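**Student:** Sharing a structure with you now.
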Amino acid sequence: KQQNSHQAEFLQAAEEIFISLVPVFAQHPEYIKANILSRIVEPDRIISFRVAWQDDNNQVQVNRGYRVQYSNVMGPYKGGLRFHPSVNESIIKFLGFEQIFKNALTGQPIGGGKGGSNFDPKGKSDSEIMRFCQAFMTELYRHIGPDVDVPAGDIGVGAREVGYLWGQYKRLTKANESGVLTGKTPGYGGSLARKEATGYGTVYFVNEMLKDANDSFEGKTVVVSGSGNVSTYAIEKAQQYGAKVVACSDSSGYIYDPEGLDLDAIKEIKEVKGDRISTYVNYRPNATFTEGCTGIWTIPCDIALPCATQNEINGESARTLISNGVKAIGEGANMPSDLEAINEFLEAGVLFGPAKAANAGGVAVSALEMAQDSSRVFWSFEEVDAKLHQIMKNIYTDSKAAAEKYGFPGNLVVGANIAGFIKVADGMLTEGVY
Ligand code: NDP
């Protein structure tokens, strides 16, 4: 704690996992003897680098780039790149640490890593984005490879950015190793259904929780935060399952449409025009826009899917959701609920799908993209979607079983952390001390 006292997000993520693991250590003295916890919390390495690039006015700009290679026990380091002004070492470490356990939960051969930059893509031209991505990869390429470390997208990094990064990697290395990055455009080494995977996966996971409680999405009122990649496809699948999704947001505020969101309008605003969510009211006169982000959690709903960013639900928002009768939470974003909020949900008996389990569908399909790139055989949308669906069911079953085995039935936070941790810890034991 002392060594990382300035890294609030990282300490928060580590604390959540450490608390969950107490019952594991009571049953596995071999993990204590091998000092697994002290070893796993320290990344294999942290790479930090300068990214200098020229803007459209020929001014030289400088940003900081990161890649945290956390653990390759389960396979090549794997995790996204985030481009957002808030990015710092604490955020990349929290994301990388959680990624180890999430990736282990998928059952795919992938280790944990994360990276990014404090570069702000907002307001940048397409050429500026391209030059930034090329400058970023000019340093990153020497640290990655299809069997070494395979980055992907995250906030601010979608198929366009991955395409520019991949082009530069190819130029620098001569090799056509398309498996070095995932989230590529389908037809150019990318997998069908990758774009949809995280959002769909979150809804598949929540659906498993509901089924176990003899319930479903049918006829439910749903609130989804964010309006980016994860949110858009969480809305799509929830609607396909018969839910009415009444609200979503961006970092300026949230829209509320009591008749149910028009997803085509949202896709046009976000994916085609790259505009603000506030413009939704031009498409639907009965909808309202409210400035500020946390207000979205005051809208009464049966199911809440936080899909925007970390710490977007605090204790107060959690209490409001509970008093409005929320039945289930599915974390599409990483660490969207703080520790107080999680405790509130668990104590109130709300079904709670933690991020590590509920949003693992994205990285699971990234692993399927790596498999397709290696074999040069590409699967149909339906094939990938079916595999994703099965993986999410397995993650639910494994997390539930671990929670029961270690004395916390129904607590999927504990269950997911333990199920992921045990796979990695056993791998560490087999590899010896290093
Ligand atoms: P995007 O960049 O596509 O979208 C992020 C969305 O969240 C945008 O609408 C953004 O608005 C909004 N947002 C950001 N900050 C806030 C805030 N404080 N309040 C409300 N809205 C906000 O990112 P993704 O959809 O890819 O990622 C979202 C989350 O899901 C992140 O936590 C990410 O780590 C996690 N995740 C993503 C995966 C993926 O496959 N993409 C996989 C697993 C997890 P604005 O445009 O105004 O910034």
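**Student:** Over 10 Å intervals from 0, what percent of Cα-Cα pairs in the stretch 145-291 sits in each interval?
**Tutor:** For the stretch 145-291, the binned pair fractions read 11, 34, 28, 19, 7, 1 percent.
**Student:** Given the options Asp250, Asp385, Asp212, which has the most mean-square fluctuation in a GNM of the chain, springs set between C-alpha atoms less than 10 angstrom apart?
**Tutor:** Taking springs between Cα atoms under 10 Å, the residue moving most is Asp212.
**Student:** Report the semi-axes of the equivalent ellipsoid for the stretch 1-158 in whole Å, largest first, where each axis is √(5λ) for an eigenvalue λ of the Cα gyration tensor.
**Tutor:** 33, 16, 12
**Student:** Cα convex hull of the stretch 318-434: mean projected area in nm², to one decimal?
**Tutor:** 9.8
**Student:** Please pull out the direction-averaged projected area of the stretch 201-279, using the convex hull of its alpha-carbon atoms, in nm² to one decimal place.
**Tutor:** 5.0
**Student:** Quick check: the distance between the Cα centres of the stretch 126-164 and the stretch 319-333, to the nearest angstrom?
**Tutor:** Their Cα centres are 35 Å away from one another.
**Student:** Give me the net charge for the shell around Phe132: Cβ to Cβ below 15 angstrom, other residues only, Lys and Arg +1, Asp and Glu -1.
**Tutor:** Residues close to Phe132 contribute a combined charge of 0.
**Student:** For Lys400, give me every one of the aspartates and glutamates with a C-alpha distance below 14 angstrom, ignoring sequence neighbours fewer than eight places off in its own chain.
**Tutor:** List returned: Glu208, Asp212.
**Student:** Sticking with this one: Taking N as the number of residues in the chain, what is its Cα Rg relative to 2.2 N^0.38 Å?
**Tutor:** Ratio of Rg to 2.2 N^0.38 Å for the chain: 0.93.
**Student:** Students often check this: by mean Cβ neighbours within 10 Å, which of 55-65, 362-372 ranks highest, and how do the rest follow?
**Tutor:** Packing proxy ranking, top to bottom: 362-372, 55-65.
**Student:** Follow-up question, since we're still on this one. Cα atoms only, the stretch 132-180: Rg and Dmax in Å?
**Tutor:** When restricted to Cα atoms, the stretch 132-180 yields Rg and Dmax of 9.9, 29 Å.
**Student:** When the helix-only estimate is applied to the chain (DSSP H runs of n ≥ 4, each -39,500 (n - 2.57), divided by the residue count), what is the mean residue ellipticity at 222 nm, nearest 500 deg cm²/dmol?
**Tutor:** The per-residue figure over the chain is -14000 deg cm²/dmol.
**Student:** For the stretch 252-359, go through all pairs of different Cα atoms, get the mean of 1/r, take its inverse, and jot down that Kirkwood value in Å.
**Tutor:** Over the stretch 252-359, the inverse of the mean reciprocal pair distance is 14.6 Å.
**Student:** With respect to the cross-link table entries Lys195/Lys270; Lys33/Lys114; Lys1/Lys114; Lys211/Lys423, which display a Cα-Cα separation exceeding 24 Å?
**Tutor:** In this structure, Lys33/Lys114; Lys211/Lys423 exceed 24 Å between Cα atoms.
**Student:** Here's something else I'd like to know. Thr298 versus Ala401, label points 7 Å from Cα toward the beta carbon: distance in nm?
**Tutor:** So the two model labels end up 4.5 nm from each other.
Taken together, the values in this text are just the output of simple stated rules run on the coordinates, not laboratory data. Small disclaimer: the values here were computed from a predicted structure and weren't measured. In this analysis, Cβ positions are derived from the backbone assuming ideal geometry, glycine residues included, and neighbour counts consider all displayed protein chains.
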